[in-house]
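J.: Before we start, here is the structure in question, set down as structure tokens.
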């Protein structure tokens, strides 16, 4: 295991090094082209790299699948800078689709789908029918689970946000050709509605569940004493919303983009 207590952090070309999220004290940092420094998934803390020497990031630093919470995430750097970030998580899941009906007298209509929330897509409405016992309307969905026969909405992932990274480089920083991947995860899909089944002469379809919202993008902070070359590419986009299920479940919204700070 690396503790990087005034030791060099080096990742060679073709190597993937996975580390836990915490504070590391480095004598130098060298992420070679084609190398990946990856933070373990399901983490809940900042990755802080405090480097007293040069930082050469020509490969990839990847921090995804951060714990999904709206509570502030705080940390203190070795130099005493207070870090604080709060994910908005305001994107909503897609609405569930309305069920369809086959009634001939206007009573066998499909049920209404539920609205999506910031935690999940809405469930689909139930199918209506023109059955042997008369026309039956489909039930309305009230939450992500959907009415009987309606599809379920996709649920926001427990760990779907982009990660939080802060780098302090006291030497020379060169990010030529490097990249940070701190993007949010894609939302889960809603499930399809099913066809009614009650011995009916005419059967509608249940509405599809709405897709889950995408995860929010992460945060990158760079505090650099001196730079050379070019800055790395930083990806902090929100994840795509999940697709809705058939029939006409709506897609979830894209997650909120994160931030990049050059301090």
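The values are calculated or read from the model by the stated rules, or taken from the named source; none is laboratory data. Since the structure is predicted, the reported quantities are computational estimates derived from the model, not experimental observations. No Cβ is skipped: glycine too gets one built from the backbone with ideal geometry, and neighbour counts run over all protein chains shown.
J.: Kindly check whether there is at least one residue in segment 212-233 that is in a loop (DSSP other than H, G, I, E, B) and either in contact with a helix residue (DSSP H, G or I) (Cβ under 6 Å, 6 or more places away or on another chain) or closer than 30 Å to residue 129 by Cβ (or both).
T.: So far as segment 212-233 goes, yes, one or more of its residues are in a loop (DSSP other than H, G, I, E, B) and either in contact with a helix residue (DSSP H, G or I) (Cβ under 6 Å, 6 or more places away or on another chain) or closer than 30 Å to residue 129 by Cβ (or both).
J.: State the number of residues belonging to segment 117-143 that are crowded, with 24+ Cβ neighbours inside 10 Å and either in contact with a helix residue (DSSP H, G or I) (Cβ under 6 Å, 6 or more places away or on another chain) or not in a strand (DSSP E or B) (or both).
T.: Number satisfying all stated conditions: 10.
J.: Let me ask another. Suppose we filter 41, 88 for residues that are surrounded by fewer than 21 Cβ atoms within 10 Å (Cβ to Cβ) and either modelled with pLDDT under 95 or closer than 30 Å to residue 139 by Cα (or both); which single one remains?
T.: Answer to the selection: 41.
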